[in-house]
Amino acid sequence: MGKHKSSVKDNAIQFLFKYGAIALLIFIIFYFSTISDAFFTYGNFTDILRSISIVTLLALGVTFTLVVDGFDLSVGSTMSLSTVVSASLMVWYDMPLWLVLLLPLLIGVLVGAVNSFLIVVIGIPDLLATLSMMYIIAGLHRTYTEGYSIYNNMPLTSGGTAPGQLSEAFLWIGQGQMLGLPVPVWIMLVMVLASYVILNHTRWGRVLYMTGGNAEAATLSGVSVKKVKFAAYVVSGIFASMAGILFTARVGSGQIDAGAPLMMEAVAAVFVGYSVLGAGKPNALGTFFGAAVIGILLNGLTIQNLPYYAFDIIKGGVLVAALAVTYVYAKKKFSKN
Amino acid sequence: MAQALLSMTAIGKTFGAVTALQKAEFHLEKGEVHAILGVNGAGKSTLIKILSGVYQQDEGTIKLDGVDIRLESPKAAKEQGIYCVYQEVDTAIVAELTVAENILLDTFAGKGNLFVSRQKINERARLALRELQADNINVQQKAARLTLAEKQMVLIARALVHSAKIIIFDEPTAPLSIHESEKLYAVIAKLKAQGVGCVFISHRLPEVFEISDRITVMREGTLVKTYDTSEADQDGVIEAMLGAALSHELEPRAHEIGNPLLEVENLSDGQKLKDLSLTVAAGEVVGVVGLVGAGKTELAKALFGGTPLTSGMMKLSGKTAKIKHPADAIKAGMALIPEERRKEGLFVQESLETNASFPNLKKFSKNLLLDRKAEKRFADEIIERLRIKTDSTETPLVHLSGGNQQKVAIGKWISLDSALYLFDEPTKGVDIGAKVDIFKLIRQLAESGKGCLYFSSEIHEAIGISDRILVMYNGQIVKELSRQEATQERILLYASGGKEELGETQKLGERQRDSVSV
């Protein structure tokens, strides 16, 4: 009864699920290319990639926590903290570059450790634990800077001006070029690739996914679920810190609250990524792809003079479409019979 | 014979390319208990789901009281008076509501009653439970606090208050103790006396023969035969289910039993388990038998490092083993096939490959990367060795039947070449064909010098597979029986807390005689 028709429908859903996101991307690029000469240029594409590099790093961190069936809402605040800390280390304390890079990363590790302590040891649900941490860290970073952003030779509240400046080498991380691409783009691509390889092609990635899929079965297969979750949150903290450092280097100052608006965007990128190549679950390439779809769409619409205050409608629309495809498919794939 | 209460005629149902039912028949009289038997995949579940409105048939007719009906949804089925008591009762119970609210759920969830009189609801619920002789259940407590058996009563009461014509019992006794099961039989008898048609599905033949009036056997999606229970015999029914006769013979044991592999002394967990000592030798299958709630699963988990111990000593191959986490147990050469395989043993949404390689990923890694080809080769190997039925190694396990899932749960340990295997109720929800394969595999493991602990409440099966049997009661090992000494009667006696001197052997033995569980 209607078997043929339903299989055509199934195939269509299958196709949509696997290639829908990519087809959409190609369509968007094609569409904007036909209506604007400025869109399909090398310069514009590197601009787009650079503009999504920071969000993508944040989103990779969120991806790791989602893989273990957790969630990290504190990445935005962690990024803000890392932004002001890296700037302050140079501007206030005139520290050498390696410390300026290392200390924020250690802070990221620390945030991840506290998150996983709250979630794994105390047992607070991930969403709530990281929500609390989001507030605490946001407050910490504002308290640390007394509410001011940090810039070269800024006046200090204790009198006088700050002794240091953001060094050239540091700024190169955010503003430099290498082999025809901006340095942030290289950093992003390397991190996406590394995350992809780790998650999809190593046993650690497998352990992360299985822990997220069924923690009890993972435990009885010899996995220390607590350690795995700990690792995922630490990775998330490190990615958020990297995003913060990159932001400082890109903007040339330590803006407060830099990460707050990027947090939900990162989360959206990860969920859009579910629908890429039929993954149906958090994955590194999908996350990059999700960030790219949103980035390209916004770029094209900016060229079309869409007002910035309408951007969130587009972001939300893309997210809904991607989730709809993902969940409709998941229902088909995993329903018994 | 008068007009049947329910007639399902020439029912056909396909899922994609798979034919689940073909010209299936089922007829039910008023006031009858009618059992449906069949191995997994025979089409019982599909037929039941069509009757309860979950699926719609592609072909065939359903008549209730001689009138054609169409069951478009579970709601439509309920409106016709067809209720189902699911095996997994929790899916039908709202834990946060009270017992009374659960019983009358459909009444006040469905209609446009804006206000609900709590008193009225409690009163009606109390009446319904009294009718089931279950008035010990407080209707005002939250359903979350009920035992499994009590939740079943709530579901039955729910059917009663809606004056159900047909109640479907889908493996209701699987999670129940003997005592609870007997209570349920009494309730079914009562429903029957009230003229309710009861459909009864079970893997346990003795109870089917005890309580049913007729038995319908299904195989490969169609009706094989409907028997009057009084004229049927177990062997004949099993033969009809399998399409072949079942051999009752225990195979003789040929191989040698070796040195002690596992030695446990005075193990306690501070809760259920009290002062247990046991040994397993290489090449030996030791059955640990007890009723539901005796502490078998707790023991298996404790040995495997899944729960902390308060005291006790464990030696593996003569060396003291400190096992604090399953990872330690696996390193020490143990493997656990847990009771709740979907929850604890498998990643059901993942492929067979992914599941099979998981406990030993190092073996499937080249340098740092996973070797997908090696994973696939191993998956193919266990598919062949354990005779797993699947489309491909990439099929998500949700699409496999219970028996095949169980085989994967066992097969995933093979690559580790563990020395000691703990099987916790490995035949639960597994059809008889797969059971035979699993028994063969366990014997093979033993013959190749592995040690096996076989935890089970299916006494008959444990006797068949074990070299030695430990009987558990209330968290303790109360008796050890050799293969020659072990009989169903003696095991059941000790497992229910009895002692031989009390002379209860006779009475308990009578009831369980010839119990074959399928």
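Once the Cα atoms are used to define both axes, helix A:126-145 deviates from the longest principal axis of chain A by about 20 degrees.
For chain A, the mean residue ellipticity at 222 nm estimated from helices alone is -25000 deg cm²/dmol, where every DSSP H run of n ≥ 4 contributes -39500 (n - 2.57) and the total is divided by all residues, rounded to the nearest 500.
Counting, for every residue in A:220-229, the Cβ atoms of other protein chains within 10 Å of its Cβ and taking the mean gives 6. Legend: ranking of residues B:His460, B:His27 from fewest to most surrounding C-beta atoms inside 10 Å; resulting order B:His460, B:His27.
Stokes-Einstein diffusion for chain B at 20 °C, viscosity 1.002 mPa s, with a Kirkwood radius from C-alpha pairs, works out to 86 µm²/s.
Among A:Ser82, B:Ser202, the ranking by other beta carbons within 10 Å of each residue's beta carbon, starting with the fewest, stands as B:Ser202, A:Ser82.
I need the semi-axes of the equivalent ellipsoid of the range B:346-417: take the C-alpha gyration tensor, multiply each eigenvalue by 5, square-root it, list largest first in whole angstrom.
So the three semi-axes of the range B:346-417 are 19, 12, 10 Å.
For the options A:Phe30, A:Phe247, A:Phe239, a Gaussian network treatment of chain A with springs between C-alpha atoms closer than 10 Å singles out A:Phe30 as fluctuating the most. Of the cross-linked pairs B:Lys120/B:Lys142; B:Lys319/B:Lys435; B:Lys362/B:Lys428; B:Lys192/B:Lys343, those separated by over 27 Å at the C-alpha level are B:Lys319/B:Lys435; B:Lys362/B:Lys428; B:Lys192/B:Lys343.
So what is the orientation-averaged projected area of the range A:246-337, using the convex hull of its C-alpha atoms, in nm²? Computed as one quarter of the Cα hull surface, the answer is 7.3 nm². Overall, the range B:6-242 carries a charge dipole of about 920 debye about its Cα centre when +1 sits on the Cβ of Lys and Arg and -1 on the Cβ of Asp and Glu, all other atoms neutral. To the nearest ten degrees, helix A:284-303 and the longest principal axis of the Cα atoms of chain A are 80 degrees apart. Taking other C-beta atoms within 10 Å as the exposure proxy, B:Ser418, B:Ser73 rank B:Ser73, B:Ser418 from fewest upward. Cross-link partners for B:Lys479 among the lysines, with Cα-Cα distance under 23 Å and sequence neighbours closer than 8 places in the same chain left out: B:Lys272, B:Lys274, B:Lys296, B:Lys301, B:Lys315, B:Lys499, B:Lys507.
Partner aspartates and glutamates whose Cα lies under 18 Å from the Cα of B:Lys225, excluding those fewer than 8 positions away in the same chain, are identified as B:Glu25, B:Glu29, B:Glu32, B:Asp213, B:Asp233, B:Asp235, B:Glu239. Relative to its Kirkwood radius, the Cα radius of gyration of the range A:49-198 gives an Rg/Rh of 1.00.
If N is the number of residues in the range B:6-242, what value comes out of its Cα radius of gyration divided by 2.2 N^0.38 Å?
Computed over Cα atoms of the range B:6-242, the ratio equals 1.01.
For A:Tyr19 paired with A:Leu156, estimate the spin-label separation in nm (one decimal), with each label point 7 Å from Cα along the Cα-to-Cβ line. That separation, rounded to one decimal, is 6.2 nm.
How large is the direction-averaged shadow of the alpha-carbon convex hull of the protein assembly as shown, in nm²? Spelled out: convex hull of the Cα atoms, projected over all directions, averaged, 43.6 nm².
Scoring A:138-144, B:236-242 by mean Cβ neighbours within 10 Å over their residues and listing the highest first yields B:236-242, A:138-144. Here's how it looks for B:Cys84: its modeled amide H is under 5 Å from those of B:Ile168, which are all 5 or more places away or on a different chain.
Our compactness index for the range B:75-170, the C-alpha radius of gyration over the empirical 2.2 N^0.38 Å, is 0.99. With Cα atoms defining each centre, the range B:203-236 and the range A:89-157 are spaced 69 Å apart in the structure. What percent do you get for the relative contact order of chain A when only Cα pairs under 8 Å and 6+ apart count? Computed value for chain A: 32 percent relative contact order. As a ratio to 2.2 N^0.38 Å, the alpha-carbon radius of gyration for chain A is 1.06.
Here is the link list: B:Lys322/B:Lys376; B:Lys78/B:Lys389; B:Lys366/B:Lys407; B:Lys373/B:Lys440; A:Lys226/B:Lys389; B:Lys183/B:Lys389. Which ones come out longer than 30 Å on Cα distance? The pairs that break the limit, which is 30 Å between Cα atoms, are B:Lys322/B:Lys376; B:Lys78/B:Lys389; A:Lys226/B:Lys389; B:Lys183/B:Lys389.
Peptide A:206-218 has a mean of 5 when you count, residue by residue, the C-beta atoms of other protein chains within 10 Å of its C-beta. Highest mean packing comes first when the peptides B:221-233, A:55-67, B:471-483 are listed by Cβ atoms within 10 Å, giving A:55-67, B:471-483, B:221-233. The convex hull built on the alpha-carbon positions of the range B:363-479 has an orientation-averaged projected area of 9.0 nm². Since only B:Gly195, B:Phe15, B:Leu37 are under comparison, the one whose Cα sits farthest along the positive direction of the charge dipole of the range B:6-242, derived from C-beta charges on Lys, Arg, Asp and Glu, is B:Gly195. Spin-label pair A:Ser167-B:Ala186: with each label point 7 Å from Cα along the Cα-Cβ axis, the two points sit 8.5 nm from one another.
Taken together, the values in this text are just the output of simple stated rules run on the coordinates, not laboratory data. Since we're looking at a predicted model, the values are computed, not measured. Ideal geometry is used to build each Cβ from the backbone, glycine not excepted, and the neighbour counts take in all protein chains shown.
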